[in-house]
Amino acid sequence: FFFESSMSKTLKEWEALDVHGEIAHLGTMNATNALSEEFRKNNPATEAQKRARAAEWEAALLNSKPDSDYQGPHLKFPLTHDQVDSLALHFAKKWRVPLHDSFQCKLLVEARALLASLPRVQPLHSKSGQHQKLIVVGDLHGQLADLLTIFIENGFPSPNGVQYLFNGDFVDRGKLGVEVMTLLLAYKVVYPDSVHLNRGNHETISMNMNYGFTEEILTKFDNAHMLDLVSQVWDLLPVCSVLDDKVFVIHGGLPRVTGATLAQLESVPRAELKIPSSDPHMMMLVDALWSDPQPEPGQSFGVRGEGTSMFGPDITQAFLEANKLELVVRSHQVPSTNRGYEVLHNNMVITVFSASNYCGTQGNHAGLVVFDGPGNYRFKEFVAPDLAEVAHRLEPFVEQEMAPRTDTQVFELGAKLDEEQVELKAWMAICEKLQELITERHDDLKIYYAGCDQLPKGCISQEDWISGLAAALKLEIDFADYQESLVQLTEAGTVDWRKFLRDYQVNSMGRAGDWVVEMKQSIHDKVTAQDLSVPALFKLFDHDGDGRVSPEELVTSMKEFGMDLATSVLKALIPGVGEDGKVDLMDFIAELRPSYAGAPPSPAVAEVMKVIESTMGQSPKDILLRFAEIDKDRDGVLDFNELSMFLEWLGQQNSSVIDPDTMKQVFDVFDDNKSGTVSIMEFLDRFKSSAEPLIDQLVTRIARSIFKHKGSLKQLFFEIDVNGDGTLSQEEFQAGLQCLTRVDGVVLTADEVAMVCHHLDKDSDGQISWQEFLQALGAATPLSPKHSLRASPRF
């Protein structure tokens with residue numbers, strides 16, 4: 001094995017997070033499907049319109065040619081092997097230059113036609129025609145260096161050489177999934193009897209939406225209809241193969257249906273995967289792509305999430321006997337040995353995995369199963385060099401039009417990986433994922449930490465901080481190992497949990513993410529524009545005059561500020577709700593204060609503001625009381641004379657003189673709406689607080705709701721993007737967000753959705769770039785991962 005047991009802790013924690021991600025993804029698929037159905041129900045014409053536009057796009061692209069600026073390879077159809085060999089070298093050397101849209105479209109169309117003619121269960125022979133062997137290749141996951149290493153060392157596809165069966169999961173996770181898919185389909189088109197493809201669970205659009213391949217497509221090609229075309233190819237891929245009438249090759253595993261036969265597998269649908277499903281044919285497709293072997297007899301629920309299953313050795317034996325087979329070869333997971341293959345179920349099941357050092361974090365071998373004839377197989381293992389080295393070794397062969405069609409020995413395939421670098425990458429990946437999960441589970445963590453024993457300065461113990469992460473994230477991870485990368489402790493060694501959660505807000509990046517800041521500023525302006533006196537403000541919120549405010553009163557009152565908020569939202573946001581279901585009015589006014597985001601004041605004014613702030617006290621309640629003292633005429637607002645008197649007194653206390661011009665500038669800073677008076681909201685606006693203002697919480701909650709459902713929204717927006725240009729009308733975008741509120745318990749009011757749309761349509765043309773919008777939302781990374789290999793207890 002590559003790594004000693006001391007390394008296994010980090011790698012196992014990475015694997016645990018990976019499985020956790022799959023569970024979370026499958027858990028949202030029901031919501032995603034419901035989201036799509038809800039939109040189609042309310043917009044029945046959209047699906048047909050998109051099909052028509054996609055057909056027009058395809059026809060136009062098939063008749064187009066690259067312009068003079070295109071620097072990539074040119075293809076002529078019908079394809080020849082030397083063209084595809086050259087394409088492989090281009091991808092290895094210049095992977096940043098994708099194939100032109102017209103060539104990619106033509107290749108996908110030809111592959112679609114070819115795959116449509118194939119059965120769901122492919123009958124294959126290890127020795128057929130001039131082929132002397134067949135190699136089963138496991139998961140590649142966009143790792144182009146592994147694919148090209150396999151070809152260089154074992155021979156490129158050829159009717160006179162080796163034939164290949166690629167057993168699914170060609171894309172996702174790795175950054176070159178498009179290139180891997182393109183080469184596999186191109187060789188399949190050129191040599192249909194030498195290259196065979198089985199479908200994997202990542203040959204589904206729902207997985208592509210969450211694991212990187214969708215972003216690849218949308219980045220490398222001009223139109224989202226390319227992804228539609230890829231989806232059609234995925235649906236047509238064979239589900240499994242039978243080799244030499246003896247060996248059953250499938251990506252995931254065996255059906256949960258008792259007495260399942262190959263004939264039944266022929267009936268699985270050519271469609272996008274729906275999981276979980278009660279349809280027996282769809283369930284067989286789910287099992288084919290998702291199920292795993294287990295050592296215990298019988299069947300059980302899968303560890304990967306809802307709708308998946310596992311099968312024991314007795315199930316394997318019964319399936320093989322019923323179908324007169326001898327062996328199952330499957331892929332789908334890194335072998336527990338960290339090798340390229342693993343033999344299970346009393347030699348009846350082989351798992352083969354062909355992406356070496358998977359994701360750069362696993363340090364595993366890649367494996368192949370070589371069938372030299374019926375019942376005669378052997379294993380090969382390797383670690384692929386980096387892509388630059390692969391290109392260097394491949395170039396002489398391609399330039400001489402002599403890409404190897406038989407075994408060669410080009411690389412030192414047993415080279416050992418740098419263990420420290422692999423563990424460091426795994427460590428970094430774990431930290432990034434934990435930061436994302438903390439951002440997603442903000443509300444759960446807030447509830448947990450609020451119920452912990454509160455230490456001085458509103459802190460909690462490290463033990464409670466760790467317990468909260470374990471409870472909210474539901475992960476078996478030693479969080480103490482990652483503490484320095486996730487939270488900064490106080491001098492007392494405790495955790496300021498409110499600051500910790502504020503640090504983990506949704507990060508809105510770039511121009512497409514400006515809407516978060518703009519929404520906060522917009523609501524800020526609405527609050528300060530009212531210019532309400534203190535009595536009027538109190539009356540607005542406290543309808544019955546009991547000094548306390550109910551959520552129902554707040555819903556009505558907030559509409560005065562142009563904010564239509566759900567009762568459940570306010571209950572979650574307002575502090576200190578008592579047994580009567582109400583909150584103290586003064587506490588709420590303090591929480592409501594806006595968060596100023598305007599231009600900074602001049603240095604002279606800033607200096608005065610610092611002195612004012614130090615005089616006011618730290619809590620918003622102290623500021624409210626001081627405001628009442630300055631308000632000499634008790635009209636609930638401050639005029640220039642009242643503030644000037646206060647500033648004169650302040651100067652005397654500090655043995656200084658504040659000149660009239662500076663006083664006027666200070667007043668103007670407070671008088672945000674230029675009404676000539678300063679309201680309590682304007683006054684509170686200018687003072688910093690350790691607590692997050694309610695307005696900021698409201699906008700952050702909206703952003704977090706959208707962030708948590710990025711995958712579902714991405715799939716929905718893709719489905720309703722009729723033109724495939726990455727934009728939606730305001731009405732379409734708004735309808736999509738409103739569907740989210742109806743099917744998945746997300747609380748976004750119509751006004752909130754409308755505000756989001758308004759701030760996204762920056763040029764007021766009625767169009768919103770949904771791709772840019774979703775890409776702009778990410779998890780905050782308040783701390784850089786800190787990891788010292790020497791300090792690690794695992795070394």
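The values are calculated or read from the model by the stated rules, or taken from the named source; none is laboratory data. Model, not experiment: these values are computed from the prediction. A quick note on method: Cβ atoms are made from the backbone with ideal geometry, for glycine too, and the neighbour counts reach across all protein chains shown. For accessibility, only protein heavy atoms count, side chains too; no ligands or nucleic acids. Shrake-Rupley method; radii C 1.70, N 1.55, O 1.52, S 1.80 Å.
So if I check each of Leu740, Leu713, which one is open to solvent by less than 10 Å² (accessible area, probe 1.4 Å), modelled with pLDDT of 80 or more and closer than 20 Å to Lys41 by Cα?
Numbers: Leu740 fails: modelled with pLDDT of 80 or more.
Answer to the selection: Leu713.
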**Q.** Which numbered condition Asp453 fails, given (1) modelled with pLDDT of 90 or more; (2) farther than 26 Å from Val334 by Cβ; (3) in contact with a Phe, Trp or Tyr (Cβ under 8 Å, 6 or more places away or on another chain)
**A.** (3)
Q. Under the condition of being farther than 17 Å from Leu698 by Cα and surrounded by 12 or more Cβ atoms within 10 Å (Cβ to Cβ), which residue from the range 542-552 is farthest from the chain's Cα centre (by Cα)?
A. His543
Q: Tell me which of these Asp287 doesn't satisfy, since it passes every other one: (1) in contact with a strand residue (DSSP E or B) (Cβ under 9 Å, 6 or more places away or on another chain); (2) open to solvent by 10 Å² or more (accessible area, probe 1.4 Å); (3) charged (D, E, K, R); (4) closer than 22 Å to Leu197 by Cα.
A: (2)
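With a cut-off of at least 1 residues that are within 27 Å of Leu434 (Cβ to Cβ) and in contact with a Gly (Cβ under 8 Å, 6 or more places away or on another chain), name the helices (runs of 4 or more DSSP H) lying wholly within the range 5-102. Can you show your working first?
Values: elements: 8-42, 46-62, 81-93.
Counting at least 1 such residues, we get 8-42.
For the structure I just gave you, tell me whether Val343 is surrounded by 22 or more Cβ atoms within 10 Å (Cβ to Cβ), on the phi < 0 side of the Ramachandran plot and assigned to a strand (DSSP E or B). Spell out how you get there, then give the answer.
Working: surrounded by 22 or more Cβ atoms within 10 Å (Cβ to Cβ): no; on the phi < 0 side of the Ramachandran plot: yes; assigned to a strand (DSSP E or B): yes.
So Val343 does not fit the description; no.
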Q) Checking Leu134 against (1) under 36 Å from the mean Cα position of the chain (by Cα); (2) crowded, with 24+ Cβ neighbours inside 10 Å, which single condition isn't satisfied? A) (1)
**Q.** In the range 285-340, the residues that are under 30 Å from the mean Cα position of the chain (by Cα), in contact (Cβ under 8 Å) with a residue 60 or more places away in the chain and over 18 Å from His251 (Cα atoms)
**A.** Glu306, Thr337, Asn338
Q: Identify, by number, the condition in (1) in contact with a helix residue (DSSP H, G or I) (Cβ under 8 Å, 6 or more places away or on another chain); (2) in a loop (DSSP other than H, G, I, E, B) that Glu296 doesn't meet.
A: (1)
**Q.** Residue tally, condition modelled with pLDDT of 65 or more, of a type outside the set (A, V, I, L, M, F, W, C) and surrounded by 13 or more Cβ atoms within 10 Å (Cβ to Cβ), over the range 603-619
**A.** 5
(Q) Given the criteria among the small types (Gly, Ala, Ser) and under 21 Å from Ser194 (Cα atoms), does Ser241 qualify? (A) yes
Q: Go over the candidates Gly168, Gly142, Gly155, Gly177 one by one and state the one that is open to solvent by less than 10 Å² (accessible area, probe 1.4 Å), within 30 Å of Leu777 (Cβ to Cβ) and in contact (Cβ under 8 Å) with a residue 60 or more places away in the chain.
A: Gly142
Q. What pairs come up if the first residue lies in the range 753-764 and is farther than 17 Å from Cys739 by Cβ and of a type in the set (S, T, N, Q), the second is in a helix (DSSP H, G or I) and open to solvent by 10 Å² or more (accessible area, probe 1.4 Å), and their beta carbons are under 9 Å apart, counting only those six or more places apart or on different chains?
A. none
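Going by the structure shown, is Asp696 assigned to a helix (DSSP H, G or I), closer than 24 Å to Leu537 by Cα, open to solvent by 50 Å² or more (accessible area, probe 1.4 Å) and modelled with pLDDT under 80? Spell out the reasoning first.
Numbers: assigned to a helix (DSSP H, G or I): yes; closer than 24 Å to Leu537 by Cα: yes; open to solvent by 50 Å² or more (accessible area, probe 1.4 Å): no; modelled with pLDDT under 80: yes.
No: the conditions fail for Asp696.
Could you go through the range 674-685 and let me know if any residue there is modelled with pLDDT under 85, outside any helix (DSSP H, G or I) and not hydrophobic (A, V, I, L, M, F, W, C). Explain how you work it out, then say what you get.
Within the range 674-685, the subset modelled with pLDDT under 85 is 680-685.
Next, only the ones that are outside any helix (DSSP H, G or I) stay: none.
No, the range 674-685 has no match at all.
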Q) Would a scan of the range 182-191 turn up a residue that is in contact with a Gly (Cβ under 9 Å, 6 or more places away or on another chain), of a type outside the set (Val, Ile, Thr) and closer than 26 Å to Phe151 by Cβ? A) no
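Suppose we filter the range 629-644 for residues that are in a helix (DSSP H, G or I), in contact with a helix residue (DSSP H, G or I) (Cβ under 9 Å, 6 or more places away or on another chain) and exposed (fewer than 13 other Cβ atoms within 10 Å of the Cβ); how many remain?
As a first pass, look at the range 629-644 and keep what is in a helix (DSSP H, G or I): 629-630, 640-644.
Imposing the further condition that a residue be in contact with a helix residue (DSSP H, G or I) (Cβ under 9 Å, 6 or more places away or on another chain) reduces the set to 629-630, 640, 642-644.
From what's left, exposed (fewer than 13 other Cβ atoms within 10 Å of the Cβ): 629.
Total satisfying the criteria: 1.
Report, by residue number, each residue of the range 362-378 that is of a type in the set (Val, Ile, Thr), over 15 Å from Ser128 (Cα atoms) and surrounded by fewer than 21 Cβ atoms within 10 Å (Cβ to Cβ). Give the derivation first.
Step one: list which residues in the range 362-378 are of a type in the set (Val, Ile, Thr), which gives 369-370.
Remaining after also requiring over 15 Å from Ser128 (Cα atoms): 369.
Matches in the range 362-378: none.
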Q.
So, in the range 171-189, how many residues would count as being under 18 Å from Leu114 (Cα atoms) and not basic (Lys, Arg)?
A. 8
Q.
Restricting to the range 450-465, give me the number of residues that are closer than 14 Å to Leu489 by Cα, within 31 Å of the chain's Cα centre (by Cα) and open to solvent by 50 Å² or more (accessible area, probe 1.4 Å).
A. 2
Q.
Taking the condition of being buried (at least 19 other Cβ atoms within 10 Å of the Cβ) and aliphatic (A, V, I, L, M), how many residues in the range 476-500 meet it?
A. 4
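So if I check each of Leu227, Leu218, which one is within 27 Å of Asp725 (Cα to Cα), open to solvent by 10 Å² or more (accessible area, probe 1.4 Å), aliphatic (A, V, I, L, M) and assigned to a helix (DSSP H, G or I)? Give the derivation first.
Details: Leu227 fails: open to solvent by 10 Å² or more (accessible area, probe 1.4 Å).
Only one candidate qualifies: Leu218.
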Q. Can you spot a residue in the range 649-672 that is closer than 26 Å to Asp587 by Cβ and more than 44 Å from the chain's Cα centre (by Cα)?
A. no
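Filter the range 230-252 down to the residues that are without any contact (Cβ under 8 Å) to a residue 60 or more places away in the chain and open to solvent by less than 10 Å² (accessible area, probe 1.4 Å) and list them by number.
In the first step, residues of the range 230-252 are kept if they are without any contact (Cβ under 8 Å) to a residue 60 or more places away in the chain; the result is 231, 234-235.
The one that is without any contact (Cβ under 8 Å) to a residue 60 or more places away in the chain and open to solvent by less than 10 Å² (accessible area, probe 1.4 Å): Trp234.
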**Q.** Lone unmet requirement of (1) among the acidic types (Asp, Glu); (2) touching a Cys at 6+ places or on another chain (Cβ under 6 Å); (3) open to solvent by 70 Å² or more (accessible area, probe 1.4 Å) for Asp69
**A.** (2)
Q. Which condition does Asp444 not pass, out of (1) within 22 Å of the chain's Cα centre (by Cα); (2) open to solvent by less than 40 Å² (accessible area, probe 1.4 Å), if it passes all the others?
A. (2)
Q) Are any of the residues in the range 259-281 touching a helix residue (DSSP H, G or I) at 6+ places or on another chain (Cβ under 6 Å), at pLDDT below 95, more than 19 Å from Leu26 (Cα to Cα) and of a type in the set (S, T, N, Q)? A) yes
